[in-house]
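Nothing in this text is a laboratory measurement; each read-out follows from the coordinates by a stated rule. Since the model is a prediction, treat every value here as computed from it, not as a measurement. Cβ sites come from the backbone with ideal geometry, for glycine too, and all protein chains shown count toward neighbours.
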Amino acid sequence: MSYKAQTANLCARADLLRSSLARSQEITDELSTVLDKFDERTAALEKTLLPIQSRVQSLSRAQDNLNLTLSCVRDMLDKFDVYRQLDTRIKEGPRGDFDSYLQCIEQLRSALSGLETNLGGKSGEIALKKTKDLLDE
């Protein structure tokens, strides 16, 4: 191959490289523009979602508190009803089943302890009195 042919070949390759480099730069610039817009939109979306996230967390805490309160209320209601559930059994006495009778007494004591600790309102006082009266029998 002659010197002129080699030079022409090298010039053609250099032109191709320049063209490819220019196209690569165009793609880079376009991609950079797209990423900048994406970043702006993401920031705007994050700004929009932040109050929603805060509200969801607040509602989640409120739900947890309500569930805990509901659990405590159910527990107290169970303690209020213990004397009704065991009244007949305690008044009957052991009748040969001493273990069962002692379990009933223990349930009453546990309910009494819970009522004394968490006494609330007139109904709590009534349940406490009835439970004490039943234990005293």
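Normalising by the residue count of the chain, find the relative contact order in percent from Cα pairs under 8 Å and 6+ residues apart.
20 percent
Add -39500 (n - 2.57) for each DSSP H run of 4 or more in the chain, then divide by its residues: what number comes out at 222 nm, to the nearest 500 deg cm²/dmol?
Counting only the DSSP helices, I get -34000 deg cm²/dmol.
Would you mind working out the magnitude of the charge dipole of the range 3-136 relative to its Cα centre, with +1 at each Lys and Arg C-beta and -1 at each Asp and Glu C-beta, to the nearest 20 Debye?
My answer is approximately 280 debye.
Determine, for each peptide in 20-33, 88-101, the mean count of other beta carbons within 10 angstrom over its residues, then list the peptides with the highest first.
My ranking of the peptides, most packed first, is 88-101, 20-33.
Specify which labelled value, from (1) 44, 35, 27; (2) 124, 35, 18; (3) 39, 32, 28, agrees with Cα extents along the principal axes in Å derived from the coordinates of the model shown.
After the calculation, the listed value that fits is (2).
Could you pull out every residue, at least 5 positions away or on a different chain, whose amide H is within less than 5 Å of the one on Asp97? Hs are placed 1.01 Å off N in the peptide plane, and Pro or chain starts have none.
none
Specify the residue with the greatest mean-square fluctuation among Leu108, Leu35, Leu68, computed from a Gaussian network of the chain linking alpha-carbon atoms under 10 Å apart.
Leu35
What are the ³J(HN,Hα) values, in whole Hz, obtained from phi via the Karplus relation 6.51 cos²θ - 1.76 cosθ + 1.60 with θ = phi - 60°, for each residue of the range 38-47 in sequence order, with x given for Gly and Pro?
With coefficients 6.51, -1.76 and 1.60, one gets 4, 4, 4, 5, 5, 4, 5, 5, 4, 5 Hz.
Which net charge results when you count Lys and Arg as +1 and Asp and Glu as -1 among the other residues whose beta-carbon is under 15 Å from that of Cys11?
For residues surrounding Cys11, the net value is +2.
So for the chain, taking the charge dipole from beta-carbon charges (+1 Lys/Arg, -1 Asp/Glu), which of Pro51, Gln85, Leu16 sits furthest toward the positive end?
Leu16
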